[in-house]
Amino acid sequence: MRALLQIAWRNLWRGWRRSAVVLSALTVGLAACLVLVGWSHGWVRQMVDSAVSTKLALLAVHARGYQANPDVERTLGEGGRALVAAIERFPGAAASPRALGDGLVQSARESARVVLVGVLPEREARVSAVARSFVAGGFPEATPIGVGHGLPGVAIGAALAETLKVRLGDKVVLHAPGETGLGAFRISGIFRTQSQGFDKSQAFLHLEDAQRLLGAGDGVHEIAIALADPRELPALTAFALAELPRVRPDEPLEVLTWKEREPRLAAMLDLMASTAWIAYAMMFAGMAFGIANALLMSVYERIREFGVLRSLGLPARQLVWMVLIESLLLTLGGALLGLGLGVSAVWLMGRVGVDLAGFSGGLSQLGVGATVYPRLEALDLVSPLGLALGTALLAAIWPAWKAASLRPAEALRHV
Amino acid sequence: MAETVLEAQRVTKIYRAGAIETVALSDVDLVVERGEFSALSGPSGSGKTTLLNLLGTLDRPTRGRVFVSGQDTTEMREAERAHLRLRKLGFVFQAYNLVPVLSALENVEFVLLLQGVPTAERHRRALAFLRELGLAELAEKRPNEMSGGQQQRVAVARAIASDPEIVLADEPTANLDSKTAEDLLDLMQRLNRERGVTFLFSTHDPRVMARARRVVRLVDGQIASEERRGE
């Protein structure tokens with residue numbers, strides 16, 4: 001086998017121009033594939049991260065049935081305090097109670113539908129990226145009752161501020177269904193996350209103000225949970241499912257991961273994995289023809305030589321191996337070079353980020369920022385190697401069979 | 001009585017190209033014995049190379065039987081024939097046909113490698129052959145760095161390296177100038193005399209025929225005459 005490897009290796013060098021062309025095509029093709037796949041992963045991951053870090057949270061606890069029917073009356077009692085405390089016994093977990101409801105925000109000139117989100121600012125800052133996204137001001141603080149001069153605060157997204165034509169400190173009126181659902185507020189903060197859709201649709205109030213506006217008493221609708229290490233999510237979910245009913249035995253709960261709350265987003269992640277496979281498969285299918293062509297040419301040129309090897313007593317099986325090894329060396333060489341080039345390119349782009357300011361309007365509607373950071377998963381690197389191996393064998397079958405099927409005398413007569 | 005190395009019994013070879021049939025050999029009987037230095041002669045198209053290929057198991061006869069060291073090769077599978085060639089037969093071709101990507105030494109070693117000779121032993125034996133044939137200085141050279149005569153001498157070294165029963169040489173001098181051809185024939189004659197290597201040539205080179213102790217003349221795919229000479 002060593003001798004066959006040696007001969008195959010030297011044969012590749014003998015036709016170095018042809019080998020170089022095939023190798024370059026493989027390298028560039030695979031690198032381009034990796035960049036494409038890295039790109040897709042990058043923006044889908046950003047989209048997921050953006051959604052999880054703002055609206056969804058990794059894990060959420062609701063009163064049972066809230067996900068299917070987000071009724072404002074379906075609350076968790078006592079401000080969810082016992083549940084929050086229980087959740088935070090899990091190492092690395094942070095929880096934030098939220099009161100949620102539909103509403104309308106009205107400025108002097110415009111109005112818009114919003115989701116009212118009541119939060120405790122210091123808690124929300126631990127689970128949500130919104131706290132880090134303020135371009136002016138911040139979350140509203142609690143309004144002391146009975147103090148006449150101060151209006152309660154509301155924080156909105158930059159896109160909504162533009163729609164309403166308001167700035168920090170301006171007055172707006174919030175409406176919510178119910179008897180108490182009307183109040184004047186002052187813009188306490190303006191944020192800009194990666195998602196324009198989020199920025200247009202959310203209005204953050206202090207938890208108590210929201211509870212008052214929504215008529216929710218001391219109830220909350222959601223406990224949003226973040227984790228220092230998101231890979232712990234399954235363990236946290238199991239912990240929550242086991243522990244929370246013990247804390248509130250009389251309160252039916254639902255514990256949902258972000259994937260359960262946004263199955264479409266989760267499906268996109270899976271789709272990206274399949275897309276990577278399809279991209280690779282198409283690339284290698286195309287390359288298989290190129291490699292087969294190069295091998296076939298080189299086999300045709302050497303038929304006489306194969307005749308000599310066969311007449312010296314080289315078994316047909318070993319001749320097949322020789323051609324297969326040539327193909328394997330060429331393809332694996334190209335795959336490794338392509339992986340090196342592609343991974344370097346993705347790594348570099350992932351570090352620096354690719355600025356798409358020109359398209360950012362469109363991207364931010366998808367929940368992706370103006371700068372995309374391509375990234376690769378471990379599986380993205382394993383699959384092309386496997387496919388390269390398959391391609392090498394597939395491409396070499398016909399040339400190898402051709403080489404081995406000739407009778408020595410016939411091959412020796414070949415001109 | 002001398003031992004039979006090769007035997008053709010009523011061998012016929014017909015080539016078919018579409019509807020056209022060409023009879024290359026017709027009912028040829030031939031026996032080659034150990035120690036011979038023989039030539040198959042005849043004009044172009046007389047069937048010399050065809051007969052040599054059939055005797056060397058490089059091709060299969062349309063009819064008749066070919067025996068190598070008493071073994072009937074006619075019904076053998078291709079793998080068995082390859083094994084037989086590896087163990088019993090050596091070949092020298094008109095166009096030298098060394099493996100271009102291997103050095104002279106590696107070309108000689110290649111057959112030993114196929115025979116499963118261990119690396120050190122293989123290397124020692126191949127080098128010894130090259131030395132014996134005065135080719136030691138070419139050991140590391142590739143075929144494209146050697147003259148035609150040098151390549152053909154390496155090809156002879158390769159053919160005898162496996163210690164075959166017989167070396168089949170197809171027009172070995174056809175591409176060589178007179179001096180180089182004479183040198184090559186000297187070499188093969190010496191190997192025949194000193195090492196007892198059996199040679200069978202196909203040739204129309206008078207220099208080869210002049211040295212052969214037996215000349216079998218083929219005309220139109222049949223044996224027309226046979227001449228035996230003393231040394």
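The values are calculated or read from the model by the stated rules, or taken from the named source; none is laboratory data. Keep in mind that this is a model prediction, so the values were computed, not measured. Don't worry about glycine lacking a Cβ; one is built from the backbone with ideal geometry, like all the others, and counts go over all protein chains shown.
Could you pull out the residue among A:ALA129, A:ALA158 that is under 30 Å from A:THR237 (Cα atoms) and within 26 Å of the chain's Cα centre (by Cα)? Within the list A:ALA129, A:ALA158, the selection yields A:ALA129. With the condition kept exactly as written, say whether any residue in region A:112-121 is surrounded by fewer than 17 Cβ atoms within 10 Å (Cβ to Cβ) and in a strand (DSSP E or B). Looking through region A:112-121, at least one residue is surrounded by fewer than 17 Cβ atoms within 10 Å (Cβ to Cβ) and in a strand (DSSP E or B). All of B:ASP72, B:ASP27 fail the test of being more than 22 Å from B:ASP205 (Cα to Cα) and touching a residue at least 60 places away in the same chain (Cβ under 8 Å), apart from B:ASP27.
Checking A:GLU410 against (1) closer than 30 Å to A:ASP49 by Cα; (2) surrounded by fewer than 18 Cβ atoms within 10 Å (Cβ to Cβ); (3) modelled with pLDDT of 80 or more, which single condition isn't satisfied? A:GLU410 satisfies every listed condition except (1).
Table: residues versus (1) closer than 25 Å to A:ALA224 by Cβ; (2) at pLDDT 80 or above; (3) surrounded by fewer than 16 Cβ atoms within 10 Å (Cβ to Cβ).
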| residue | (1), (2), (3) |
| --- | --- |
| A:LEU4 | no, yes, no |
| A:TRP9 | no, yes, yes |
| A:TRP13 | no, yes, yes |
| A:SER19 | no, yes, no |
| A:LEU36 | no, yes, no |
| A:SER53 | yes, yes, no |
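Suppose we filter B:PHE91, B:PHE67, B:PHE110 for residues that are assigned to a strand (DSSP E or B) and either under 25 Å from B:GLU132 (Cβ atoms) or free of Cβ contacts under 8 Å to residues at least 24 places away in the same chain (or both); which single one remains? After applying the criteria, what remains is B:PHE91. Sort out which residues of region A:290-303 are hydrophobic (A, V, I, L, M, F, W, C) and farther than 10 Å from A:LEU394 by Cβ, and write them in order of number. A:ALA294, A:LEU295, A:LEU296, A:MET297, A:VAL299, A:ILE303 - these are the residues of region A:290-303 that are hydrophobic (A, V, I, L, M, F, W, C) and farther than 10 Å from A:LEU394 by Cβ. Residue count for region A:296-322, restricted to those that are away from every other protein chain (no Cβ under 14 Å) and within 20 Å of B:LEU102 (Cβ to Cβ): 1. Looking at this structure, is A:TRP9 part of a helix (DSSP H, G or I), facing chain B (nearest Cβ under 10 Å) and in contact (Cβ under 8 Å) with a residue 12 or more places away in the chain? The answer is yes for A:TRP9. Scanning region A:207-261 for residues that are assigned to a loop (DSSP other than H, G, I, E, B) and either in contact with a Leu (Cβ under 8 Å, 6 or more places away or on another chain) or over 19 Å from A:VAL117 (Cα atoms) (or both) gives A:GLY219, A:HIS221, A:ALA228, A:ASP229, A:ARG248, A:PRO249, A:ASP250, A:GLU251, A:PRO252. When the criteria are applied in full, A:GLU88 meets the requirement of being of a type in the set (Asp, Glu) and farther than 30 Å from A:GLY181 by Cβ.
Criterion first (out of contact with any strand residue (DSSP E or B) (no Cβ under 6 Å at 6 or more places or on another chain) and either part of a loop (DSSP other than H, G, I, E, B) or more than 21 Å from A:LEU412 (Cβ to Cβ) (or both)) does B:GLU80 satisfy it? Considered against the rule, which asks whether it is out of contact with any strand residue (DSSP E or B) (no Cβ under 6 Å at 6 or more places or on another chain) and either part of a loop (DSSP other than H, G, I, E, B) or more than 21 Å from A:LEU412 (Cβ to Cβ) (or both), B:GLU80 comes out as no. Out of everything in region A:376-415 that is acidic (Asp, Glu) and more than 12 Å from every other protein chain (Cβ to nearest Cβ), what residue ends up being nearest to A:PHE284 (Cα to Cα)? Result: A:ASP380. Restricting attention to region A:371-414, the residues that are β-branched (Val, Ile, Thr) and closer than 20 Å to A:GLY290 by Cβ add up to 2.
Would you check if A:GLY307 is more than 23 Å from the chain's Cα centre (by Cα) and buried (at least 23 other Cβ atoms within 10 Å of the Cβ)?
yes
Select from region B:1-45 the residues that are in contact with a strand residue (DSSP E or B) (Cβ under 6 Å, 6 or more places away or on another chain) and among the polar types (S, T, N, Q) and write down the one among them that is surrounded by the most Cβ atoms within 10 Å (Cβ to Cβ). So, considering only residues that are in contact with a strand residue (DSSP E or B) (Cβ under 6 Å, 6 or more places away or on another chain) and among the polar types (S, T, N, Q), the one surrounded by the most Cβ atoms within 10 Å (Cβ to Cβ) is B:SER41.
Residue check: is A:ALA93 in contact (Cβ under 8 Å) with a residue 40 or more places away in the chain, crowded, with 16+ Cβ neighbours inside 10 Å and within 26 Å of the chain's Cα centre (by Cα)? Answer is yes for this residue.
Residue by residue, here is whether (1) of a type outside the set (Val, Ile, Thr); (2) within 13 Å of chain A (Cβ to nearest Cβ); (3) in contact with a Leu (Cβ under 9 Å, 6 or more places away or on another chain) holds:
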residue: B:ARG81; (1), (2), (3): yes, yes, yes
residue: B:LEU84; (1), (2), (3): yes, yes, no
residue: B:GLN94; (1), (2), (3): yes, yes, no
residue: B:VAL99; (1), (2), (3): no, yes, yes
residue: B:LEU102; (1), (2), (3): yes, yes, no
residue: B:VAL111; (1), (2), (3): no, yes, yes
residue: B:LEU127; (1), (2), (3): yes, no, yes
residue: B:ALA136; (1), (2), (3): yes, no, yes
residue: B:GLY149; (1), (2), (3): yes, no, yes
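Scanning region A:151-205 for residues that are hydroxyl-bearing (Ser, Thr, Tyr), assigned to a strand (DSSP E or B) and over 16 Å from A:GLY118 (Cα atoms) yields no hits at all. One residue alone among B:THR73, B:THR119 is in contact with a strand residue (DSSP E or B) (Cβ under 7 Å, 6 or more places away or on another chain) and over 24 Å from B:THR173 (Cβ atoms), and that residue is B:THR73.
Checking each residue in region A:75-89 for being surrounded by fewer than 19 Cβ atoms within 10 Å (Cβ to Cβ) and either not in a helix (DSSP H, G or I) or not assigned by TED's automatic domain parsing to the domain that holds A:ALA224 (or both) picks out A:GLY77, A:GLU88, A:ARG89. Remark: pairs (first residue in region B:171-196, at positive phi; second residue β-branched (Val, Ile, Thr) and part of a loop (DSSP other than H, G, I, E, B); Cβ separation under 7 Å; 6+ apart in sequence or on different chains) = B:GLU171/B:THR203. Out of A:ALA60, A:ALA108, one residue alone is among the small types (Gly, Ala, Ser), outside the structural domain of A:PHE306 (by TED's automatic domain parsing), outside any helix (DSSP H, G or I) and surrounded by fewer than 20 Cβ atoms within 10 Å (Cβ to Cβ). It is A:ALA108.
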